[in-house]
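One structure is given below, encoded as structure tokens.
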Amino acid sequence: MAYNESVVSRRSPYAAGPIRRLRLLGPWLSRAPWVLVGAFLALSVAATVAVAIWPDRVPWGVYGFIVVLAGLFLEPRLLLVVYIGLFLAMAILGAYLGEQKTTTTGAQVVTVATMMLMLWLSHARAQVGVVGVSGESMLVDMRDRLRAQGELPPLPRQWGAEVALESAYGDGFAGDFVVASRSTDGVTLEIALVDVSGKGRDAGTRSLLLSGALGGLLGEMSEGGFLQSANNHLLRLRWPEGFATAVHVAVNLETGDFTIGYAGHPAAAQFAAGSGRWRMLSGGRGPLLGVIEQAEYPRETGTIRRGDALVLYSDGVIEARDKALVDGIDRMLGRAESFIRTGFEGLAQRLCDQAAAGLGDDRAVVTIWRT
């Protein structure tokens, strides 16, 4: 079977009525933003009264709290209205209290600096069409969608497969991604491992867009036409750094026969139970995706018999600046040797964790085996 990690939403055993009503306030407040402006101005008045009545107990920092809170929920033009009101209230109150409230000038300078910072953050969010914390929620959703593309479909009992993806330095986004599909008749499993130029957050948005496009192509194109279609798609996008490498494998789950093609990607490794050894596949190579028009991508054929395994990986698993590529391949196969007797479950994550590039590059590994 295929081993996947998935998050299952669970209904809370407690009454969700009040929480749901609070969530419904969000869209309503977005249509009536001046209600929020009035609320923050009223909060400013309340803070001013509190400082005036208890100058020895209520600090100037209460204004800083209101500054940050308003910056999280208001767009720049409305935020400026609140900040002007806050500054006027603080200035008038400082003049009124005089010697009763010390450090007035310093508190005003810090508050104005915080206002400038929050205005800059609010303007940055407004440029991408989001307000408040909704931008972070959108990024989380994008990251989850990218990871969901790599989930493997259910496989027959005698088959197993795993996917492991690790981004450079633990970033939420990675330039490596996996798309997988199983034919409607259940006979053919197709998996593509793609390495987009760049790494981490720099390649995250391109990975998201490309994974959606290639996920739609997978299973709809012939085995030999997938890489050509992916190449044409990248050429049409005309990204400044739009190239990518890829390996695509199609496995017949009834016979174990497979075909595999590469687009500037490292060769896959296969374990043969008959000989008890790992070997690197040596089929034809095609050019990078998104570089050459009408490129050809030859394919290699093979068979996964009982006890055999196939490993697809990205260059971060075998490449390191201070080591030769051959050394990286030997290192990877050496790690894989220890799984021959115990089974291949966990091999993908093991190879990612002990990759030659360490944490400095994105790593992706796909393992397919037959018991």
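Has the range 178-191 got at least one residue that is of a type outside the set (A, V, I, L, M) and more than 26 Å from Pro156 (Cβ to Cβ)? The answer is no; no qualifying residue exists. Tell me, yes or no, whether the range 341-349 has at least one residue that is polar (S, T, N, Q), under 28 Å from Arg206 (Cβ atoms) and in contact with a strand residue (DSSP E or B) (Cβ under 9 Å, 6 or more places away or on another chain). Yes, that holds for at least one residue. So which residues in the range 222-234 are open to solvent by 40 Å² or more (accessible area, probe 1.4 Å) and either of a type in the set (A, V, I, L, M) or not in a helix (DSSP H, G or I) (or both)? Matches in the range 222-234: Ser222 only. The residues of the range 157-191 that are part of a loop (DSSP other than H, G, I, E, B) and surrounded by 15 or more Cβ atoms within 10 Å (Cβ to Cβ), listed by number, are Ser167, Asp171, Gly172, Phe173, Ala174, Gly175. Residues in the range 93-103 that are surrounded by fewer than 17 Cβ atoms within 10 Å (Cβ to Cβ) and part of a helix (DSSP H, G or I): Ala95, Tyr96, Leu97, Gly98, Glu99, Gln100. Across the range 38-58, the number of residues qualifying as in a helix (DSSP H, G or I), open to solvent by 60 Å² or more (accessible area, probe 1.4 Å) and within 22 Å of Glu99 (Cβ to Cβ) comes to 2.
Out of the residues in the range 59-74 that are open to solvent by 30 Å² or more (accessible area, probe 1.4 Å) and either under 19 Å from Tyr96 (Cβ atoms) or of a type in the set (Ser, Thr, Tyr) (or both), state the one that is farthest from the chain's Cα centre (by Cα). Full working, then the answer.
Taking the range 59-74 and keeping what is open to solvent by 30 Å² or more (accessible area, probe 1.4 Å), we get 59, 61-62, 65, 68-69, 72-73.
Right, trim to either under 19 Å from Tyr96 (Cβ atoms) or of a type in the set (Ser, Thr, Tyr) (or both) and you get 59, 61-62.
On the way: Pro59: 42, Gly61: 37, Val62: 37 Å.
Only one residue tops the list, namely Pro59.
Quick one: what pairs do we get from the range 152-168, first residue touching a residue at least 12 places away in the same chain (Cβ under 8 Å) and closer than 15 Å to Phe344 by Cβ, second part of a loop (DSSP other than H, G, I, E, B) and acidic (Asp, Glu), C-beta under 9 Å, 6+ apart or different chains? Hits for this filter: Gly160/Glu345; Glu162/Glu345; Val163/Glu151. All of Gly334, Gly346 fail the test of being under 25 Å from the mean Cα position of the chain (by Cα) and either open to solvent by 60 Å² or more (accessible area, probe 1.4 Å) or over 23 Å from Arg285 (Cα atoms) (or both), apart from Gly346.
Report whether or not Ile292 is farther than 20 Å from Ser167 by Cβ, hydrophobic (A, V, I, L, M, F, W, C) and open to solvent by 20 Å² or more (accessible area, probe 1.4 Å). Lay out the reasoning, then the answer.
Numbers: farther than 20 Å from Ser167 by Cβ: yes; hydrophobic (A, V, I, L, M, F, W, C): yes; open to solvent by 20 Å² or more (accessible area, probe 1.4 Å): yes.
Taking the combined requirement at face value, the residue satisfies it.
For the range 235-250, a tally of residues being out of contact with any helix residue (DSSP H, G or I) (no Cβ under 9 Å at 6 or more places or on another chain) and open to solvent by 90 Å² or more (accessible area, probe 1.4 Å) returns 3. Cβ separations smaller than 9 Å between residues 6+ apart or across chains give the following pairs from the range 219-230 residues that are closer than 15 Å to Leu289 by Cα and touching a residue at least 24 places away in the same chain (Cβ under 8 Å) to residues that are assigned to a helix (DSSP H, G or I) and not charged (D, E, K, R): Phe226/Leu214; Phe226/Leu217; Ala230/Leu210; Ala230/Ala213; Ala230/Leu214; Ala230/Leu217.
Of all the numbered requirements in (1) within 26 Å of Pro154 (Cα to Cα); (2) part of a helix (DSSP H, G or I); (3) open to solvent by 40 Å² or more (accessible area, probe 1.4 Å); (4) not aromatic (Phe, Trp, Tyr), Gly219 misses one, and that requirement is (2).
Of these, Gly284, Gly307, which one is modelled with pLDDT of 90 or more and open to solvent by 20 Å² or more (accessible area, probe 1.4 Å)? Reasoning before the result, please.
Values: Gly284 fails: modelled with pLDDT of 90 or more.
Unique residue meeting the criteria: Gly307.
The values are calculated or read from the model by the stated rules, or taken from the named source; none is laboratory data. Predicted model only: the values in this text are computed from it and were never measured. Positions of Cβ are generated from backbone atoms using ideal geometry, with glycine treated the same way; all protein chains shown enter the neighbour counts. For the accessible areas, the whole protein counts, side chains as well, though only heavy atoms, and no ligand, DNA or RNA atoms are used. Shrake-Rupley method; radii C 1.70, N 1.55, O 1.52, S 1.80 Å.
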